[in-house]
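Data first, discussion second: the structure below is written as structure tokens.
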Amino acid sequence: MSETEAKNILITGGAGFIGSHVVRRFVKNYSNYHIFNLDALTYAGNLENLIDIESYDNYTFLKGNISDEDFINKLFLKYKFDAVIHLAAESHVDRSITDPLLFAKTNILGTMVLLNAFKNIWQDAWSNKLFFHVSTDEVYGTLGDVGLFKETTPYDPNSPYSASKASSDHFVRAYGETYDMPYVISNCSNNYGENQFPEKLIPLFINNILNNKPLPVYGDGNYTRDWLYVQDHACAIDSIFHNSENNETYNVGGFNEWKNIDLVKLLCKKMDEKLSRPIGSSEELITYVKDRAGHDLRYAIDANKIKNDLNWYPSVNFEEGLSKTIDWYLSNKEWLDNASSGKYKDYYLAQYGNK
Ligand code: NAD
Ligand code: DAU
């Protein structure tokens, strides 16, 4: 899409972790765009993530649910969005195991409601329009010890979360084929960084180390993930949005695989250093607990297509990104305390059996 034309852009899920970084980047870098951030403010959405940009003239927050068809249709009629960058989702695998229907409702039905509303206003005039669907590498299922996910790897999701994301990807493609809707899909690996809700591995363990609580490593800890700094993901989304051909798919990853247990030990060491605790004290908190049901062994991304076609590459190496991330949580303890209070305590007790 051209950068120079004025546009109304709808970003969904912009009060969440990745969405807030994408919203900030677009609001600050493209004053000719008006950015509408639509978010239901579930437990994972937090407007504090965007305090620094809330008074910008080219930014509007809209509270609402993507599954609410009537509301969404009216919104599209009113604002005539030229493009949608769709991030709103239920995003935590563990929660999808206990409440799979919510994941189907938000991730599948919610995506369809958006696709349909977009189709209804533009189906005879698709020029310079785009539906950008932000998805996950988990749609590909699991890898063994070797190999990488490519854009051509067949979908093989294993969790209710990944099945719901895979299904939403299929609907996006189907709208492209059936109604000529211009779309792009990105499938990214594990993000980490500022503002991530403390249910996910890295912020959960930072929070627990701060509070001297056990670090619950699932199974034997020999599961592998590829980690990408969240602002590098936001940069990849920007690059795909502006430079991709229509109807392309890009895998996005950090070229940065870690076994969970090795990552946790590195995190423990860094936390000891930053908190001036004796080296080794955080590691003593590591506790091996019951494994996640259907736990995918390994995710690893071949991100060479976006690297070669769009000249995108992660700018932050893992040690540096992890350090920045820890520093942010240490400087934002109130944010962390607020995020881990209230209903989160019930979730934690149900998930881990302790407070
Ligand atoms: P998140 O859980 O931090 O944020 C999700 C946001 O969506 C929240 O602000 C929430 O309030 C909002 N939301 C949830 N249900 C909604 C609904 N029905 N209507 C409107 N808003 C709703 O998620 P995240 O980690 O920032 O992930 C964002 C997107 O990126 C998701 O689509 C996810 O599948 C994808 N993704 C995440 C990662 C990762 O590592 N976190 C990696 C690859 C892809
Ligand atoms: O790969 C991209 C995906 O990465 C995104 O689509 C998801 O939205 C995002 O949540 C993330 O999924 P994971 O399941 O990989 O992330 P999580 O942080 O939950 O877990 C990372 C690894 O750590 C995984 O192997 C499970 C393990 N783990 C996680 C938690 C919360 C533990 O060992 N203990 C824990 O308490």
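Radius of gyration over Kirkwood radius for the chain, both on Cα atoms: the Rg/Rh ratio is 0.95.
The stretch 179-241 and the stretch 158-178 have Cα centres spaced 20 Å apart. In a reduced charge model with +1 at each Lys and Arg Cβ and -1 at each Asp and Glu Cβ, the stretch 231-335 shows a dipole moment near 380 debye about its Cα centre. Qualifying GluC sites (Glu not before Pro) in the stretch 53-112, where qualification requires a DSSP coil assignment and no more than 16 other C-beta atoms within 10 Å, comprise 54. Sparsely packed loop sites in the stretch 226-313 (the GluC sites (Glu not before Pro) outside DSSP H, G, I, E and B with at most 16 other Cβ atoms within 10 Å) comprise 245. What the chain shows is 42 Å² of accessible area per residue, with the surface traced by a 1.4 Å probe over protein heavy atoms.
For the stretch 162-242, the fraction of 1.4 Å probe accessible surface lying on carbon and sulfur atoms is 46 percent. Applying the criteria of a DSSP loop state and at most 13 other Cβ atoms within 10 Å to the trypsin sites (Lys or Arg not before Pro) of the stretch 18-90 yields 80.
Checking the table 259/343; 28/105; 290/355; 269/290; 265/343; 200/259 against a 26 Å threshold on Cα-Cα, which pairs fail? From 259/343; 28/105; 290/355; 269/290; 265/343; 200/259, over 26 Å: 259/343; 28/105; 265/343. Using the Cβ-Cβ distance between residue 32 and residue 150 with R0 set to 30 Å, the FRET efficiency from 1/(1 + (r/R0)^6) comes to roughly 0.25. Rolling a 1.4 Å probe over the protein heavy atoms of the stretch 4-89, with every protein chain left in place, gives an accessible area that is 49 percent carbon and sulfur.
The values are calculated or read from the model by the stated rules, or taken from the named source; none is laboratory data. On a predicted model such as this, the values are computed, not experimentally measured, just so you know. For neighbour counting, all protein chains shown are included, and Cβ atoms are generated from backbone atoms with ideal geometry for every residue, glycine included. Ligands, DNA and RNA are stripped out before the accessible areas are found, and what is left, the full protein with its side chains, is counted by its heavy atoms. Shrake-Rupley method; radii C 1.70, N 1.55, O 1.52, S 1.80 Å.
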